[in-house]
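The values are calculated or read from the model by the stated rules, or taken from the named source; none is laboratory data. Please read all numbers here as calculations on a predicted model, not as lab measurements. Cβ coordinates were reconstructed from backbone atoms using ideal geometry, including for glycine residues, and neighbour counts include every protein chain displayed.
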Amino acid sequence: MSLWKVAWRSIQQRFLVSTLTVVSMGLGVALVVAVLVVYGVVYQSFHRGGEGYDLIVGAKGGREQLVLNTVFYLSQPVGNIPYDFFEELTIGKFAADVETAIPVCMGHTYQGFRVVGTVPEMFSELKYRGDKSYEFAQGENFEAENHFDGVLGATAAAQTKLQIGETFQAVHGSGIGGRTHKQTFTVVGILAPTGTPVDRAVFVNMYGFHDIHHAESLISGEESEHHDGDDHHEHSDQIKEITAALVCIRQLPPGRTDVVARAINNGQAAQAVVPVRVIADLFEGVVGKLQWILLGMAVLTTAVAGIGIMVSIYNSMSDRRHEIAVMRALGASRITVMLIILMESILLALMGGALGLLLGHGAIWACSSLIAEWTGVVVGLLQFQTIELILVPGLILLAAAVGYLPALAAYRTDVSKSLITTP
Amino acid sequence: MLFLKELVKTFTQPDGSVLPVLDIPEFRVAAGEQMVLVGRSGCGKTTLLHVIAGIGRPDSGKVRIDDWDITLMPEAECDRFRADRIGYVFQTFNLLAGFTALENVLLSMRFARGRPDRDRAKYLLDRVGMSHRMTHRPAQLSVGEKQRVAVARALANKPQLLLADEPTANVDAGHQQQILDLIHETCREENVALVLVTHSDEVAEQFPRVDHLDDFNRSAVGYVQKDEHDR
């Protein structure tokens, strides 16, 4: 019979108190787990967005605003940059260093989702989350020559319930009190979920995006002589500005990203930011501190639950002094009885830990569809954060610390006196 | 087998005064011998058993068991020695409530030097007539059954000395003789020396040797030195 079994029997013997102690510890651990997982989700959600390209080139202004607007489709655009400058990236002085440059235009929404004007290469040449290629759950990418075609991010498609072949009209501005443009776009593709902000946006052909106002003029009979919706070249000539460009830099020789960024920033026309750095700064500055506060509170809760274990075992010591004395009389050493109490504490903490992991992950899993909808990050039941690995040794240490006092009481039990006392 | 020499044990009372309990010039029990120790309540019988078992340390003197003076042993070694060589039957059985009858016997083996021997534990429980109650917990056993399990537990590690502290005091009259016979027979079978404390004349008269603690304990109130008494 192992000492673990002896400790386990003692736990069984005090079933109700042990259960309550385990539940209390479980709730504390569940809170820690939930904070860790939510932190992981927010971290991924933050960092995934800017992983498909090296630079964002946009109007001079706040670099955080540029990233929030271009990567997360939040806030308002800083401004626009001339299309001529974009051509510096593709065919001009930066072309040697630029592998891909994708223009993006903003300023319209549809049912609260940002409408982004771009080119088909956004989905055929850019990657997301490192090296993943965009895939279409339904339909296909829009063609450059079809100006009024668009594709939907997975979440945007699910929430707007737009199907392939259906049409929609963009709203000017943020959508609150904005004017609905008469020009319609046709859905030709629905992207597979990416777990990035792309899921929460609507993408249309950049030329159509710019043609919205002209098309409305056509309908109302203005400028009818100047526009023909099917003529790609004529429209492309009319694009004077874009909101930003997503740029992939050739990494030979290495370190060219910073060189290009510096060169752009030294000029007057635009600014270039490395999105992963800005995101990391934003995350640490805003979410990072909050995470430590939440984690601190969760750890405090677990510590209180740990003290609960100590109180539970310590309170039982007066009843168990006789039992300990009997074990000592049977030949158990002081160290042995001390170990039994410590093991009991560790078992309670580990059971609480297991319950907490189950509760924490269960709760997160139960909310996974909501989390996926809000952040695009899919959380599985068994998706653990690396930092959770410290939970087990952490709980053992906590249990050993809180079990020490009652274990010491067991160690100091006066056998002769306790045996004479009738149980 | 058991030899006590100039054994002194005192207790400090709450008011700070010292209460002498044991002052035994000499006491011997031979290997395999069965003897009874009698005396009035509070004369130090249980304290003497505790000192012999190494549960309580004497102030001075020797406690030799099989040429080992347990008063010279470090506490941990003394604990192990007790587990290996001394069996103890308590008046109040002292079975551990969370364990079955079999587990109570196995637990005693756990603290000794060898590995727990399940077959011997079962044999002993069978020997004391408890084979049908092995998986029962103490709360599910009668008083007599509890003491029988306690006897099996005391013999688990093949001790050379069995200390029994009023083993029949809490057992009903119907089971008293049964317990006594059991202790008698098993000690004889395993050649275990027995020191049995009792208040009962009925119990005492069944043993060939009956010692009165007051007769050889100089701390006893009524102690009279033998040579003076003889004079």
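Residue pairs whose Cβ atoms lie under 6 Å apart, sitting 6 or more positions apart in sequence or on different chains, and linking a residue in segment A:90-105 that is closer than 24 Å to residue A:116 by Cβ to a partner that is among the hydroxyl-bearing types (Ser, Thr, Tyr) and at pLDDT 90 or above, are A:104/A:118; A:104/A:243; A:105/A:243.
Restricting to segment A:100-113, name every residue that is polar (S, T, N, Q) and either over 20 Å from residue A:155 (Cα atoms) or in a strand (DSSP E or B) (or both).
To start, the set of residues in segment A:100-113 that are polar (S, T, N, Q) comprises A:100, A:109, A:111.
Scanning segment A:100-113 gives A:100, A:109.
Would it be correct to say that residue B:122 is under 27 Å from residue A:11 (Cβ atoms) and surrounded by fewer than 19 Cβ atoms within 10 Å (Cβ to Cβ)? Taking the combined requirement at face value, the residue satisfies it. Number of residues in segment A:398-423 that are part of a loop (DSSP other than H, G, I, E, B) and at pLDDT 75 or above equals 3. Every condition in (1) without any contact (Cβ under 8 Å) to a residue 40 or more places away in the chain; (2) not in a strand (DSSP E or B) is met by residue B:31 except one, and the failing one is (1).
Restricting to segment A:66-99, name every residue that is at positive phi and either out of contact with any Pro (no Cβ under 9 Å at 6 or more places or on another chain) or part of a helix (DSSP H, G or I) (or both). Walk me through it before giving the result.
We begin by selecting, within segment A:66-99, every residue at positive phi; these are A:73, A:75, A:79.
Residues satisfying the conditions are A:75, A:79.
Restricted to segment A:383-397, and to residues that are part of a helix (DSSP H, G or I) and touching a helix residue (DSSP H, G or I) at 6+ places or on another chain (Cβ under 7 Å), which residue is farthest from residue A:342 (Cα to Cα)?
Initial filter on segment A:383-397 (part of a helix (DSSP H, G or I)): A:386-397.
Then drop every residue that is not touching a helix residue (DSSP H, G or I) at 6+ places or on another chain (Cβ under 7 Å), which leaves A:387-388, A:391-392, A:395-396.
Values: A:387: 25, A:388: 23, A:391: 18, A:392: 15, A:395: 12, A:396: 10 Å.
Selected residue: A:387.
Listed here are the residues, each with its yes/no results for (1) farther than 15 Å from residue A:330 by Cβ; (2) without any contact (Cβ under 8 Å) to a residue 60 or more places away in the chain.
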| residue | (1), (2) |
| --- | --- |
| B:27 | yes, no |
| B:41 | yes, no |
| B:46 | yes, no |
| B:92 | no, no |
| B:110 | no, yes |
| B:122 | yes, yes |
| B:142 | yes, yes |
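Residues checked against (1) touching a strand residue (DSSP E or B) at 6+ places or on another chain (Cβ under 6 Å); (2) within 14 Å of chain A (Cβ to nearest Cβ); (3) closer than 17 Å to residue B:93 by Cβ; (4) not in a loop (DSSP other than H, G, I, E, B):
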{"residue": "B:156", "(1), (2), (3), (4)": "no, yes, yes, no"}
{"residue": "B:159", "(1), (2), (3), (4)": "yes, yes, no, no"}
{"residue": "B:167", "(1), (2), (3), (4)": "yes, no, yes, no"}
{"residue": "B:184", "(1), (2), (3), (4)": "no, no, no, yes"}
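Sort out which residues of segment A:114-133 are modelled with pLDDT of 90 or more, in a strand (DSSP E or B), within 17 Å of residue A:199 (Cβ to Cβ) and not hydroxyl-bearing (Ser, Thr, Tyr), and write them in order of number. Within segment A:114-133, A:114, A:115, A:116 meet the criteria. Please indicate, with yes or no, whether at least one residue in segment A:174-196 is aliphatic (A, V, I, L, M), under 14 Å from residue A:111 (Cα atoms) and in the same structural domain as residue A:157 (by TED's automatic domain parsing). Scanning segment A:174-196 turns up at least one residue that is aliphatic (A, V, I, L, M), under 14 Å from residue A:111 (Cα atoms) and in the same structural domain as residue A:157 (by TED's automatic domain parsing). Residue pairs whose Cβ atoms lie under 9 Å apart, sitting 6 or more positions apart in sequence or on different chains, and linking a residue in segment B:187-207 that is in contact (Cβ under 8 Å) with a residue 40 or more places away in the chain to a partner that is surrounded by fewer than 13 Cβ atoms within 10 Å (Cβ to Cβ) and among the hydroxyl-bearing types (Ser, Thr, Tyr), are B:199/B:41. Checked against the criterion of being more than 8 Å from chain A (Cβ to nearest Cβ) and in a strand (DSSP E or B), the candidates B:61, B:114, B:42, B:129 yield just one match: B:61. Of the residues making up segment B:97-108, those that are at the interface with another protein chain (Cβ under 7 Å from one of its Cβ atoms) and surrounded by fewer than 24 Cβ atoms within 10 Å (Cβ to Cβ) are B:97, B:98, B:99, B:103, B:106.
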